[in-house]
Number of protein chains: 2
Amino acid sequence: MAKGGVMVTGGAGFIGAHVCRKLLEELGHPVICLDNLSTGSVDNLADLLANPDFTFVEHDITHPIPEDVPKCLYILNLACPGSPVFLQRDKEKAILTSILGLRNVLRFAITSRSETVFQASTGAVYGDPEVTPQRESYPGRVNPVGPLACYEEGKRAAEALCLAYREQCGIRVKIGRLFNTYGPGMHLNAGTVVANFLTQALRGQPLTVYGDGRQIRTFCYIDDMVDGILRLAMDTPGEFTGPLNLGSDVEVSIRELAEIVLEVTAAKSEIRTLPASAGTARLRRPEIGLAKQQLGWEPTTGLQEGLEKTAAYFRTVLETSAET
Amino acid sequence: MAKGGVMVTGGAGFIGAHVCRKLLEELGHPVICLDNLSTGSVDNLADLLANPDFTFVEHDITHPIPEDVPKCLYILNLACPGSPVFLQRDKEKAILTSILGLRNVLRFAITSRSETVFQASTGAVYGDPEVTPQRESYPGRVNPVGPLACYEEGKRAAEALCLAYREQCGIRVKIGRLFNTYGPGMHLNAGTVVANFLTQALRGQPLTVYGDGRQIRTFCYIDDMVDGILRLAMDTPGEFTGPLNLGSDVEVSIRELAEIVLEVTAAKSEIRTLPASAGTARLRRPEIGLAKQQLGWEPTTGLQEGLEKTAAYFRTVLETSAET
């Protein structure tokens, strides 16, 4: 018997494309990928386009999902740029994609009788936390008029909307709060520290560290994240909604990260210290006990291994772009 | 020279109708009132409908504001039900009115070259605070998946959207966080404690107090609130955006409120104690130092005086409804 179809919104993005690939190639589900290609790219899906079980639809979910899009058993809503560089470009779009986009996804789910909607929320809902690690019950510390509020508050309001639909329309929703994720396919120019360091190292430029480099971060490798997302979306009991943290709980300082990047790239770059910039002090580290308990899941890819694979990807992209 | 026109969305609601009246009759501005009449009523505006400077348009701001609506110098966005009873009825609507409604108001403001948009935010953005009083800089304690999250998070995200428009489109926005308000014209059946007590007292029924009655609240009389809103919207420097708390900082216990209600209504009702209900423990009291400084404003109507005027209104409504 054929497995149920899965719709992935934002499926041409970094995480979305990996989700599509795993669903198709490992789990055997037909996949419909929706993306407006604002920050995603069909290049991320190049190897999937010939698969007869894969359908790509260019569509912006802030507009209603067309009725002729085939119904799916699951809908994974991964549509919304997550990196500060993209968010700053169009703050209104971030908030509208979070709310209006989700509303359109939920309405489509109801009319097409989907079983489950997975909502990609974010560790950013905790804002600038004063407690570490952050449990799912921690209400967060977000400034509604702060510089990233359109993303942080938009994603918080999206969680609220998920619960309203569950309550008022009876639809199953699963909320995953995704933390910092890296790996092959990630954007080179999204301003994330992993992308910056890898690009600098592979170009033989100094690695720029802001402040003393002791700031702590956590980094989850993409394969682990995709595994967590799909377990939450497809393998949890119907009544389990979350929110559930998904991310790495292994702390790494920015300076340690820089040193591992130099090691895996065999770069001779120096590490250059620059003055700390405002708003870089945040420490977000997820408490993932609930994910372990509910999903039997935790990240298994070490930072060295993950960065080696990511560096290989960056090398290919940088070489290709140098040739053209 | 004629004064600039003012659009009031939610103008048929409790606060909105008072705002319309003051703008027209005291300040001499032409007023365009938009309301979808979901919780507001044209009865609130009965005395204004014959005024040639007053225009009522039945419109739901989750749809774009029609282009033929005349342009206005100021837009006061007061559209969104605020009381738990109305919010619980349609949570999706609360969040969409907050975000999509505001987006439509802001877009109309830009195309019609309005000077200023006032956004009615709420003390509910502080959620269930662990500090009292709440300053504007306090990030609040809101559970994104809690029972009132569609309102609390919707209003937080709305503030974020205001700031995005100010930054990206250059429009002046003024954000007022409105706290508990009462007075003539308020809903009798919205589940607020003032309305419940007055209705019970005037019907000779027992006043129902949940828990020990020591819960602290603050209550701002409508005339004071309207004065604060209009000062913030129209009399502050262009670069002042807020958010700014507007409300009473005078603490009153629920039991004291019950006793004052019995006094001003001369009712013989007993005060009946019922078990505390979940979620009634919140203490929201605004720190209003910033409002005093920026607006030269603070509430001046005492609770006894305000309740006398409100009781007179309730008496009229209850008598009228008894006759029909």
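The numbers here are math on the coordinates, done by the rules we state, and not lab data. Since the model is a prediction, treat every value here as computed from it, not as a measurement. Cβ placement follows ideal geometry from the backbone for every residue including glycine, while neighbour counts extend to all protein chains displayed.
At a glance:
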item: Per-residue mean of C-beta atoms belonging to partner chains within 10 Å, peptide A:149-156; result: 6
item: Given 14 as the ceiling on other Cβ atoms within 10 Å, longest exposed-site-free region of chain B for GluC sites (Glu not before Pro) in DSSP loops; result: B:131-238
item: Where trypsin sites (Lys or Arg not before Pro) fall in DSSP loop in the stretch A:1-99, at most 14 other Cβ within 10 Å; result: A:Lys3
item: Cα-based radius of gyration of chain A once divided by 2.2 N^0.38 Å, which approximates compact folds; result: 0.97
item: Over the stretch A:226-324: Kirkwood hydrodynamic radius from C-alpha pairwise inverse distances, Å; result: 16.7
item: Crossing angle, helix B:254-265 versus chain B [Cα axis fit, 0-90 degrees, rounded to tens]; result: 90
item: Packing-based exposure ordering (other Cβ within 10 Å, fewest first) of B:Asp128, B:Asp212; result: B:Asp212, B:Asp128
item: Alpha-carbon gyration tensor eigenvalues x 5, square-rooted, for the stretch B:56-211, Å; result: 31, 20, 14
item: Prolate/oblate/rounded call for the stretch A:1-111, Cα gyration tensor, a/c under 1.5 rounded; result: oblate
item: Helical contribution to [θ] at 222 nm, DSSP H n ≥ 4, -39,500 (n - 2.57), averaged over chain B, rounded to 500; result: -11000 deg cm²/dmol
item: Debye log10 I(q)/I(0) at q = 0.14, 0.26, 0.31 Å⁻¹ for the stretch A:1-43, Cα point scatterers; result: -0.29, -0.82, -1.04
item: Overall form of the protein assembly as shown per C-alpha gyration tensor (a/c, 1.5; a/b vs b/c); result: prolate
item: Alpha-carbon Rg with Dmax, taken over the stretch B:167-231, Å; result: 16.7, 56
item: On Cα atoms only, tilt of B:222-235 relative to the major axis of chain B in degrees; result: 20
item: Tilt relative to chain B, helix B:102-111 - C-alpha long axis, 0 to 90 degrees, to 10; result: 30
item: Diffusion coefficient, µm² s⁻¹, Stokes-Einstein with Kirkwood Rh over alpha-carbon pairs of the stretch A:65-146 at 20 °C and 1.002 mPa s; result: 146
item: Segment B:Arg272-B:Glu67, extension gain: residue separation times 0.36 nm, minus the distance between their alpha carbons; result: 68.4 nm
item: Viscosity 1.306 mPa s, temperature 10 °C, Stokes-Einstein D of the stretch B:145-266 from Kirkwood C-alpha radius, µm²/s; result: 94
item: From phi via Karplus (6.51, -1.76, 1.60), per-residue ³J(HN,Hα) for the stretch A:200-206 in Hz, x at Gly/Pro; result: 4, 4, 6, 9, x, 8, x
item: Tensor-based shape of the stretch B:71-110 (alpha-carbon gyration tensor, a/c under 1.5 rounded, otherwise prolate or oblate); result: oblate
